[in-house]
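Student: Next up is a structure, given as structure tokens.
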Amino acid sequence: MNQSQEWAPQAIQAEVDALKDKPGALLPILHALQDRIGFIPEAAVPIIADALHQTRAEVHGVISFYHHFRTTPPGRHVVQICRAEACQSVGARQLEVHAKARLGVDYHQTTADREITLEAVYCLGNCACGPSIRVDNSIRGRVTPEAFDELMDELQTRPLEVMG
């Protein structure tokens, strides 16, 4: 994901044009836009709707139905907590409560410093090592509240530039 890339209507149109003739093109288009931009800009909805001969409401309905799709830019890091049953049975619910309190956000929200976006995910395929989280593209298992705090401290710490 290249969330720092600026988007423009031409970039959106290029992604739409590349995929619009595929069967069931809407989901591949939405995935391609989110992969390229980091979220689905509101301005993309009419472009997609026109290309696929759908209403804006239909496109928006799909975006809002799938929790995976974001309509605002994510933070510098995306943290996903597994909410599947295997992880819940070994402490994911407690980790979820702790993470929300530690970050001061709920799912699908971003911290005020724009560093961390918190999301739920329903299986990371790491069931034997729960509770599991994914930070950007890295999966971590057996995450305790203390380990979560250490990781968040690392993610939210940036080196200072010293001017001399």
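Student: So which residues in region 14-39 are under 28 Å from GLY75 (Cβ atoms), in contact (Cβ under 8 Å) with a residue 24 or more places away in the chain and surrounded by fewer than 16 Cβ atoms within 10 Å (Cβ to Cβ), if there are any at all?
Tutor: LEU27, ASP35, listed by residue number.
Student: Please list, ordered by first then second residue, the pairs with beta carbon atoms under 6 Å, 6 or more apart or interchain, first in region 110-128 and closer than 13 Å to ARG83 by Cα and in a loop (DSSP other than H, G, I, E, B), second aliphatic (A, V, I, L, M) and open to solvent by less than 70 Å² (accessible area, probe 1.4 Å).
Tutor: TYR122/ALA84; CYS123/ALA84
Student: Residues of region 110-161 being farther than 13 Å from LEU95 by Cα, among the hydroxyl-bearing types (Ser, Thr, Tyr) and open to solvent by less than 70 Å² (accessible area, probe 1.4 Å), which ones?
Tutor: The answer is THR110, THR111, THR117, SER138.
Student: In addition: Could you give me the residue pairs with C-beta distances under 9 Å whose first residue belongs to region 84-98 and is on the phi < 0 side of the Ramachandran plot and without any contact (Cβ under 8 Å) to a residue 24 or more places away in the chain, whose second residue is small (Gly, Ala, Ser) and in a helix (DSSP H, G or I) wherever it lies, and which are 6+ apart or on separate chains?
Tutor: From residues that are on the phi < 0 side of the Ramachandran plot and without any contact (Cβ under 8 Å) to a residue 24 or more places away in the chain, there are no pairs.
The values are calculated or read from the model by the stated rules, or taken from the named source; none is laboratory data. Computed from a predicted model, the values in this text were never measured in an experiment. Positions of Cβ are generated from backbone atoms using ideal geometry, with glycine treated the same way; all protein chains shown enter the neighbour counts. Keep in mind that these areas ignore ligands, DNA and RNA; they rest on the heavy atoms of the full protein, side chains included. Shrake-Rupley method; radii C 1.70, N 1.55, O 1.52, S 1.80 Å.
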